[in-house]
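Chemist: Please read through the structure below; I'll follow up with questions.
Nothing in this text is a laboratory measurement; each read-out follows from the coordinates by a stated rule. Everything numeric in this text was worked out from a predicted model, so none of it was measured. Please note: Cβ atoms are built from the backbone with ideal geometry, for glycine as well, and neighbour counts cover all protein chains shown.
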Amino acid sequence: MTTLRARLLYPVASPVVEDGMVCVEDGTIRSWGRWDGRPAEDLGDVILMPGLINAHCHLDYSVMRGAILPCASFTRWIRRINDLKRTLDDDDWLPSVAAGFRELIASGTTSVFNIEAFPDLMPQMPPPPIRTWWFIEMIDLRHPVEPEDVAARARTFFSERPGWIGGIGLSPHAPYTASPDLCAQSARCCEAQALPLTTHLAESDEESEMFLDAGGPLHDFFAGIGRDMSDTGGISPVARMLRDGGLPDGALLAHMNRIEDSDWPLLRGRKFSVIHCPLCHEYFGRPPFPLDRFLAEGINVCLGTDSLASNRELNLFAEIRRLLETHPHVAPMSAIRFVTTNPARAIGWAGRLGEVSAGAAADLIAIPYSGPAKAAAEAVVRHSGPVAWTMLAGRKT
Ligand SMILES: [Zn+2]
């Protein structure tokens, strides 16, 4: 049993405790509360809290920081990243993933939902240094993809590697790159096997134009490369995804920037989570994100960084700061839930991740702070730079 003591303990799911204590055994939090005088490792003048959870990231592309100038045209960005991908190979992708992990850990992230475009490289990777859900990316523009086979391979891979903590999921990439059939098969597979599913949805105006009007630059780009465009015209991206059963209940929907009035009733009662990436949003100069409407609809909102191809850092504290610049009415405590308890719920780990509670994973971070307890949440959302201390599954990193 390891006992940690800190001047302030911020469990997230409960109020701040002064002179707090967390008792850890076998990678799990056994108990917590006010320090009772027992021998403990004293972390001192810090806020001890759950490690953060990045709900949308592509570690593959960590090598692309600064490689694509910010541009309002999503189609141009897609062309550019496709060109860049053709210039890179395995010797670039593997260090890129490792560099991304280092950046996440340094800034207090202890879990990541990573979209993996190159699952064939995973056998060459060391065990991930943080809790990682590997969402296998699927695109069937050029070749058919069988989600059952993809899931079976990922399951076998993961079951043979007990040192890899986290899990697997499927990611049909987006309605413009994953056919209605692929999306429907993925949804059925995830429902049958209780796997999480994530996808990019309603991200750009060009995506909406492609499906609603069967026109615009994204439509023309995909028509030009031979995509079957029969699913476009007169339908929103959200409705296209839902029409053929393309989303299981509880799916993790990245971006959701452009929601039509007719989409809102379709989203109700389906336990979807929405993942907002504030700095990527800024990078593309998007119109305001409909955060208040999602919250009013009772939708579980999480934050992610997306990749370094459309962001300058993989730092959830920076994402929270940007969110509070654009939505200053959001309480710091709510913003912190977007990177702790909410993504834990999204992945099916409510009460077991993203909070300090008995039975939760001992994934913890400490932030230097010497101010009053009542301002602890403000101190967390103002934090910049590396965290002072990290514990993953009961082990100090
Ligand atoms: Zn993404």
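Chemist: Of A346, A309, which residue is within 30 Å of R102 (Cβ to Cβ), crowded, with 24+ Cβ neighbours inside 10 Å and within 16 Å of the ligand (Cβ to nearest atom)?
Modeler: The unique qualifying residue is A346.
Chemist: Go through T75, T110 for me and flag whichever is out of contact with any Cys (no Cβ under 6 Å at 6 or more places or on another chain), hydroxyl-bearing (S, T, Y) and part of a helix (DSSP H, G or I).
Modeler: None of the others qualify; the one that does is T75.
Chemist: Right, next: Just checking, which of F74, F157, F113, F135 is surrounded by 15 or more Cβ atoms within 10 Å (Cβ to Cβ), of a type in the set (F, W, Y) and more than 20 Å from H255 (Cβ to Cβ)? Spell out how you get there, then give the answer.
Modeler: Details: F74 fails: more than 20 Å from H255 (Cβ to Cβ); F113 fails: more than 20 Å from H255 (Cβ to Cβ); F135 fails: more than 20 Å from H255 (Cβ to Cβ).
None of the other options fit; the residue is F157.
Chemist: Something else now. Only one of (1) within 16 Å of the ligand (Cβ to nearest atom); (2) of a type in the set (S, T, N, Q); (3) out of contact with any helix residue (DSSP H, G or I) (no Cβ under 6 Å at 6 or more places or on another chain) fails for S262. Which number is that?
Modeler: (1)
Chemist: From (1) within 16 Å of the ligand (Cβ to nearest atom); (2) more than 27 Å from S73 (Cβ to Cβ), pick out the condition that doesn't hold for L295.
Modeler: That leaves (1) as the condition not met.
Chemist: Can you tell me which residue within region 2-52, out of those that are on the phi > 0 side of the Ramachandran plot and free of Cβ contacts under 8 Å to residues at least 40 places away in the same chain, is farthest from the chain's Cα centre (by Cα)?
Modeler: G37
Chemist: Assuming A379 fulfils every condition listed in (1) touching a Ser or Thr at 6+ places or on another chain (Cβ under 8 Å); (2) hydrophobic (A, V, I, L, M, F, W, C); (3) touching a residue at least 60 places away in the same chain (Cβ under 8 Å) apart from one, which condition is it?
Modeler: The single condition A379 does not satisfy is (1).
Chemist: Conditions: (1) within 16 Å of the ligand (Cβ to nearest atom); (2) crowded, with 20+ Cβ neighbours inside 10 Å. R286 meets all but one. Number of the miss?
Modeler: Answer for R286: the failing condition is (2).
Chemist: Out of all the residues in region 184-235, which are part of a helix (DSSP H, G or I) and within 16 Å of the ligand (Cβ to nearest atom)?
Modeler: Within region 184-235, E206, E207, L218 meet the criteria.
Chemist: Okay, moving on. On the given criteria, is W164 among the aromatic types (F, W, Y) and either buried (at least 22 other Cβ atoms within 10 Å of the Cβ) or part of a helix (DSSP H, G or I) (or both)?
Modeler: Values: among the aromatic types (F, W, Y): yes; either buried (at least 22 other Cβ atoms within 10 Å of the Cβ) or part of a helix (DSSP H, G or I) (or both): no.
No, not satisfied.
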